[in-house]
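First comes the structure, then the notes that go with it.
Coordinate-derived values only; no laboratory data. As the structure is a computational prediction, the values presented were derived from the model and not from experiment. For neighbour counting, all protein chains shown are included, and Cβ atoms are generated from backbone atoms with ideal geometry for every residue, glycine included.
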């Protein structure tokens, strides 16, 4: 059986399975795509599933922009139990009967968690404290108190409420800014209700404009001749405003030179006449200067 040829660059929307870290997904994609140059845009916890954007070859340089995109999730919050990790992977540290929590109580407690809020990240997170990941400090027995950070929760809607004895499971639909911890929302909802809470399920349904509808499993990608489902030109077109360069402009930009501005405030992709992506450009100081040159 003939070996697959190395793939050209682009983005892949992976439907991450539970039980794998984002790094595990990258390792598998390196084998599937036959290249070491693979990265991901936005970590998902091992418990979580859903949309993970993976960059291959030159498209890894686009991931800096993808990471900052708005994220969307569906999640299940269990009220009545708190865990050390704020999710189902951690040891239960407290149990409280949540059977008396009403729908009205839920509505009242959810309201302050919407909009522009200050959120204290879960202590078991990848945030560095003194150069060491917070989760490493917690797992070695340290008490870690992280500073609150501004985040935006633009949508936090209840999809369903299921009551079973002392537990109340709340399914929610969330849209939020990059850097928001859904585990922390579960923790804070439980704290506001006085019963504790943690996350039992999390599925990322969108990263920016990329959704589950176009995601593929790792097994599905492994079966393809070319697993890069969105080549670099299509990926740049999806992620950025577009500018088409003249032949002279293409020559200047391919050597890292600036172009005349055209009045686009955000970073944008510049394409050569043949459709090649030349660079990601930002206009400043009266020039359109390349932030990333993608040729040769």
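Brief remarks follow.
- Potential lengthening of the chain between residue 111 and residue 23 amounts to 28.2 nm, from the contour at 0.36 nm per residue minus the alpha-carbon distance.
- Gain upon complete extension [residue 217, residue 234; 0.36 nm per residue less C-alpha separation]: 4.1 nm
- Relative contact order of region 240-293: 37 percent, from C-alpha pairs under 8 Å at least 6 residues apart in sequence.
- Estimated inter-spin distance, residue 266 and residue 34, nm [label 7 Å along Cα→Cβ]: 3.6 nm
- Fluctuation leader among 72, 81, 89 - the chain, Gaussian network, Cα springs under 10 angstrom: 89
- The separation of region 236-277 from region 150-194, counted between C-alpha centres, amounts to 42 Å.
- Relative contact order [Cα under 8 Å, 6+ residues apart], region 71-199, whole percent: 40 percent
- Comparing 37, 284, 61 in a Gaussian network model of the chain, where Cα atoms under 10 Å apart are tied by springs, the biggest mean-square fluctuation is seen for 284.
- Mean Cα-pair separation over length for region 41-116, i.e. relative contact order, pairs under 8 Å, 6 or more apart, %: 18 percent
- Residue of 260, 186, 109 that the Gaussian network model of the chain assigns the largest fluctuation, springs spanning Cα pairs under 10 Å: 260
- Length gained when the stretch residue 166-residue 118 is fully extended (0.36 nm per residue, less Cα-Cα span): 14.3 nm
- The simple Förster model, with R0 at 22 Å and r as the Cβ-Cβ distance, assigns residue 97 and residue 159 a FRET efficiency of 0.40.
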